[in-house]
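See structure below.
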Amino acid sequence: MASKIKRLLALGAVVLTTAALAWAGADDQPKASGAPKPVITKAVKGEQCVEPTDYMRRNHMKVLNHHRDEAVIEGVRTKKHSLKECINCHASETTGSVAASKDDFCVSCHSYAAVKIDCFDCHSTKPQASSAMHPLNAETAHYKHKLAAQANAKVSAEEMAGIAQ
Amino acid sequence: MASITFREVEGSSPKYWLLFGALGLFVLFGALAWNYMHHHGHVVTGMDNQIVWGLPHVFAVFLIVAASGALNVASIASVFNKPMYKPLAPLSAILALALMAGGLLVLVLDLGRSDRLIVAMTNFNFKSMFTWNVFLYSGFFGLVGVYLWTMLDRNVKAYSKAAGTAAFIWRLVLTTGTGSLFGFLIARELYGSSMLAPMFIIMSFAYGLAIYLMVLAAAYAWTGRPLGDAVMMRLKSLLAVFVAAVLYFVVVYHMTNLYFTKLHSVEAFVLRDGGIFTTLFWVGQILIGCVIPLVILLTALGKQRMWIMIACALIIVGGVMQMYVTIIGAQAYPLDMFPGLTEKSSYFDGEVHAYSPSLPELFLGLGGVAVALLMTTFAVKVLRLLPASLDDATVAKLEH
Amino acid sequence: MSELKPMSEQAPNSPERRRFINAATATAAGLAIAPGVMLYEVAHGRPEEQAASSAVRWGMLVDATKCATGCDDCVSACSTENGWTPVAESAHPKQAPQWIRKLELQDPLTQMETNLPMMCQHCAEPPCVDVCPTGASFKRADGIVLVNRHTCIGCRYCMMACPYKARSLVHESLNDTQKPDVPRGIGCVESCTFCVQKIDRGDGTTACVEACTAAGHNALVFGDMNDPESEISKRLRELPTKQVRADLNLNLGVRYHGI
């Protein structure tokens with residue numbers, strides 16, 4: 001019974017988010033009294049999202065969940081709908097993250113819509129390149145020079161170039 | 001057969017509200033403890049990667065086992081047609097539901113991701129004993145609920161026996177499932193035995209009845225209703241049989257292990273060298289939980305109500321200690337990956353693992369107990385669960 | 001659960017048959033691809049849109065006779081690659097996750113010492129998968145045993161079930177210190193993944209193996225145990241190896257020589 005109520009609540013939350021996002025996306029709407037509109041920063045990298053913006057605003061969670069199951073269970077790690085790629089494009093220029101401060105891409109909308117993001121308890125909020133500079137990893141990074149992992153270097157070089165531009 | 005008048009407890013005295021408030025306070029402490037553990041993670045508990053199931057599991061499993069045992073009195077009435085037990089049945093059913101709810105609450109609030117309970121109810125792996133238990137627990141609530149309804153509503157009274165039988169069979173399967181949570185584990189020497197299932201069933205008989213007797217006596221004493229010796233004497237003799245059976249199963253279980261050379265070292269750990277676990281086993285489980293209660297119940301002392309209550313309390317305390325030895329003792333003994341060799345590593349391989357429960361864990365466990373008692377206290381106020389009188393004359397009429 | 005079957009019934013799953021199919025597909029793929037592509041890459045790198053296949057079974061050979069006493073290069077490499085804090089740097093050593101650890105063994109009678117790395121053994125019949133209530137603990141088609149953190153509820157039943165003490169619970173918040181390729185999080189259980197992120201990238205090896213090789217010990221070999229031509233298969237054919245707790249008959253993905 002409790003699960004049913006929870007499910008209803010979750011459903012309600014999704015409907016509200018969608019409505020709120022759709023509303024937030026429409027420019028001619030008046031401002032809600034008191035609630036500041038979410039800051040939607042244009043992606044740092046690239047011109048166009050992998051799907052139309054309107055579609056993504058409403059359905060990004062479906063797209064991510066679908067890709068997530070394929071990636072984790074079957075090992076299909078296509079780039080198009082991967083969370084990592086979202087982060088690569090949308091990480092803020094100032095914080096380097098999608099969820100570190102309140103104006104960062106994911107947090108901004110989610111806090112406006114009051115929907116908890118469960119992603120970043122586990123997922124890094126930053127693109128690949130910046131992780132090597134993290135203090136925790138810096139302590140163990142001395143190890144890297146021992147390894148001549150070329151494949152590794154190739155991936156990060158690509159991404160680094162993308163983010164830097 | 002004479003009819004029995006059931007009546008709600010008035011529940012307006014300061015004493016009632018004092019009890020209610022005190023239990024409510026423990027529920028609050030439990031909720032705060034959960035909030036603290038959930039916010040910081042399991043790092044604030046005494047549990048670690050060696051002792052992965054700690055004090056909350058001791059309380060949770062004890063309550064779940066006791067819950068199915070508490071239903072026994074009702075089962076004797078409707079399944080085995082003993083009229084004397086009929087007036088005792090509704091309290092037995094409600095206590096079973098309340099203990100189960102308390103136990104489950106502790107179990108789910110100790111999850112690493114207790115906020116994801118919905119996942120546990122929408123994703124199932126049917127090879128897992130845990131999944132089976134999810135269904136067994138839900139079914140238990142359903143069946144005992146229906147059974148209670150057939151006892152309370154005259155219109156459906158005809159179905160009481162059928163509902164009672166179904167609930168009885170279900171509770172046996174349920175405790176088999178609880179025992180098998182441990183019995184179906186190959187990794188640890190003290191588990192991996194089907195012995196655990198029947199042993200848990202017989203333990204549930206003893207723990208459940210001990211709790212039932214204490215709740216019954218307290219309810220009648222505090223409401224000033226008459227409770228005759230006939231009922232008490234009958235139930236205490238039954239309790240003695242159950243406790244003796246528990247002792248028998250524990251002896252057989254350890255004797256079997258002692259015969260197998262590969263289990264000698266782990267048995268030596270529990271029975272001789274295990275420090276706190278050895279003490280808890282001999283003093284707690286055996287002496288407090290079995291031997292002393294048996295002596296009380298089977299001698300002249302057992303004729304005095306005070307001593308019966310002491311015996312019940314000892315059985316409950318001994319039961320919690322038994323769960324501590326069964327759950328935590330088995331984890332404290334290191335895994336034997338390379339038999340015959342000594343092991344050493346940064347991950348504490350080859351060492352006996354120490355465990356000191358933290359305060360939040362204790363309060364989470366006590367919170368579960370408080371939830372169970374609070375539910376019972378509230379139920380006897382709003383439902384007609386307790387007979388107005390259980391004096392010897394009333395009870396004697398039932399038997400003819 | 002392992003069932004006893006007559007030999008004839010085992011044929012569809014027999015290693016011989018699988019090896020044959022594998023070799024056949026590899027050859028077919030090798031023919032189809034333009035010249036200049038090494039056969040090695042055909043065997044290990046799969047296109048990103050292709051799911052992991054049961055034609056492959058990833059495995060590791062640990063040669064304990066080559067494993068150097070006091071060396072923990074494999075452990076630090078794992079920690080670096082996967083982003084878990086080394087136990088020496090942890091404020092809560094007993095609660096700190098350890099995906100791989102060095103185990104020192106000694107026979108009390110003969111004083112013979114052995115040391116070896118211990119981690120998830122990637123069982124073909126994993127007890128952790130059997131007991132997981134939500135199915136979060138699972139075995140991928142290519143034999144890698146993983147935890148799906150999206151459905152893990154942190155019940156720790158898998159930790160109770162694992163005979164190798166391979167799993168850890170993340171006891172505290174990681175505060176965004178995770179590697180982008182290796183999500184890990186509070187309240188979930190985790191263990192060695194055979195560096196699944198590297199496998200899926202086509203590296204065909206793991207961080208610990210790379211480190212052991214770079215240090216010149218060569219105690220670890222990683223590869224496809226279903227491919228008769230892989231280095232690991234060749235070595236396993238020649239070296240006598242054992243499975244840890246072979247009595248449990250779990251058919252392990254990690255095999256040890258010199259224990």
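Per-residue answers, yes or no, for (1) crowded, with 18+ Cβ neighbours inside 10 Å; (2) touching a Cys at 6+ places or on another chain (Cβ under 7 Å); (3) of a type in the set (A, V, I, L, M, F, W, C):
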{"site": "B:321", "(1), (2), (3)": "yes, no, yes"}
{"site": "B:347", "(1), (2), (3)": "yes, no, no"}
{"site": "B:368", "(1), (2), (3)": "yes, no, no"}
{"site": "B:381", "(1), (2), (3)": "no, no, no"}
{"site": "B:387", "(1), (2), (3)": "yes, no, no"}
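How about region C:36-49: which of its residues are modelled with pLDDT of 85 or more and acidic (Asp, Glu)?
C:48, C:49
The residues listed here are C:200, C:247; of these, the one that is within 11 Å of another protein chain (Cβ to nearest Cβ), without any contact (Cβ under 8 Å) to a residue 24 or more places away in the chain and in a helix (DSSP H, G or I) is C:247.
Could we say that residue A:162 is at pLDDT 90 or above and within 19 Å of the chain's Cα centre (by Cα) here?
Values: at pLDDT 90 or above: no; within 19 Å of the chain's Cα centre (by Cα): yes.
No; evaluated as a whole, the condition is false for this residue.
I'd like the full set of residues that are out of contact with any Gly (no Cβ under 7 Å at 6 or more places or on another chain), modelled with pLDDT under 95 and under 13 Å from residue C:202 (Cβ atoms), limited to region C:50-80. The answer is C:50, and nothing else.
Are any of the residues in region C:114-122 assigned to a loop (DSSP other than H, G, I, E, B) and either within 7 Å of chain B (Cβ to nearest Cβ) or without any contact (Cβ under 8 Å) to a residue 12 or more places away in the chain (or both)?
Of all residues in region C:114-122, those assigned to a loop (DSSP other than H, G, I, E, B) come to C:120-122.
Subsequent filtering for residues that are either within 7 Å of chain B (Cβ to nearest Cβ) or without any contact (Cβ under 8 Å) to a residue 12 or more places away in the chain (or both) retains none.
The answer is no; no qualifying residue exists.
Each residue in region C:203-217 was checked for being farther than 20 Å from residue C:102 by Cα, more than 14 Å from the chain's Cα centre (by Cα) and either small (Gly, Ala, Ser) or within 14 Å of chain B (Cβ to nearest Cβ) (or both), and 0 of them qualify.
The number of residues in region C:120-139 being out of contact with any helix residue (DSSP H, G or I) (no Cβ under 7 Å at 6 or more places or on another chain), on the phi < 0 side of the Ramachandran plot and either modelled with pLDDT under 95 or buried (at least 24 other Cβ atoms within 10 Å of the Cβ) (or both) comes to 5.
In the condition set (1) of a type outside the set (Ser, Thr, Tyr); (2) buried (at least 20 other Cβ atoms within 10 Å of the Cβ); (3) facing chain B (nearest Cβ under 7 Å), residue C:149 is compliant with all but (3). Within the span defined as region B:136-149, every residue fails to be away from chain C (no Cβ under 14 Å), buried (at least 17 other Cβ atoms within 10 Å of the Cβ), touching a helix residue (DSSP H, G or I) at 6+ places or on another chain (Cβ under 7 Å) and of a type in the set (Gly, Ala, Ser).
Looking at B:77, B:66, B:98, B:93, which is the one that is modelled with pLDDT under 95, part of a helix (DSSP H, G or I), of a type in the set (A, V, I, L, M) and buried (at least 20 other Cβ atoms within 10 Å of the Cβ)? Write out each step before concluding.
Values: B:66 fails: modelled with pLDDT under 95; B:98 fails: modelled with pLDDT under 95; B:93 fails: modelled with pLDDT under 95.
From the options B:77, B:66, B:98, B:93, the qualifying one is B:77.
Take the residues of region C:53-80 that are hydroxyl-bearing (Ser, Thr, Tyr) and without any contact (Cβ under 8 Å) to a residue 60 or more places away in the chain: which is nearest to the other protein chains (Cβ to nearest Cβ)? Steps first, please.
Step one: of region C:53-80, the residues hydroxyl-bearing (Ser, Thr, Tyr) are C:53-54, C:65, C:69, C:76, C:79-80.
Filter once more, so that each one left must be without any contact (Cβ under 8 Å) to a residue 60 or more places away in the chain: C:69, C:79.
Details: C:69: 12, C:79: 6 Å.
Once the filter is applied, the top-ranked residue is C:79.
Within region C:172-192, being crowded, with 21+ Cβ neighbours inside 10 Å and in contact with a Leu (Cβ under 6 Å, 6 or more places away or on another chain) holds for one residue alone: C:189. The number of residues in region C:103-159 being touching a Leu at 6+ places or on another chain (Cβ under 6 Å) and among the aliphatic types (A, V, I, L, M) comes to 5.
Only one of the numbered conditions (1) within 14 Å of chain C (Cβ to nearest Cβ); (2) touching a Lys or Arg at 6+ places or on another chain (Cβ under 9 Å); (3) surrounded by 20 or more Cβ atoms within 10 Å (Cβ to Cβ) is not met by residue B:311, and that is (1). Given the condition buried (at least 22 other Cβ atoms within 10 Å of the Cβ), out of contact with any Phe, Trp or Tyr (no Cβ under 7 Å at 6 or more places or on another chain) and farther than 20 Å from residue B:179 by Cα, answer yes or no: does some residue in region B:292-301 qualify? Checking region B:292-301: at least one residue is buried (at least 22 other Cβ atoms within 10 Å of the Cβ), out of contact with any Phe, Trp or Tyr (no Cβ under 7 Å at 6 or more places or on another chain) and farther than 20 Å from residue B:179 by Cα. Here is the figure for region C:81-101: residues that are within 18 Å of residue C:181 (Cα to Cα), among the polar types (S, T, N, Q) and more than 8 Å from every other protein chain (Cβ to nearest Cβ) total 1. Screening A:101, A:108 for residues that are buried (at least 18 other Cβ atoms within 10 Å of the Cβ), modelled with pLDDT of 50 or more, in the same structural domain as residue A:51 (by TED's automatic domain parsing) and over 18 Å from residue C:182 (Cβ atoms) leaves exactly one candidate, A:108.
Number of residues in region C:168-197 that are touching a helix residue (DSSP H, G or I) at 6+ places or on another chain (Cβ under 6 Å) and more than 8 Å from every other protein chain (Cβ to nearest Cβ) equals 2. In the condition set (1) more than 11 Å from every other protein chain (Cβ to nearest Cβ); (2) assigned to a helix (DSSP H, G or I); (3) within 28 Å of residue C:79 (Cα to Cα), residue A:73 is compliant with all but (1).
The values are calculated or read from the model by the stated rules, or taken from the named source; none is laboratory data. These figures come from a predicted structure and were not determined experimentally. So basically every Cβ, Gly included, is an ideal-geometry build from the backbone, and we count neighbours across all protein chains shown.
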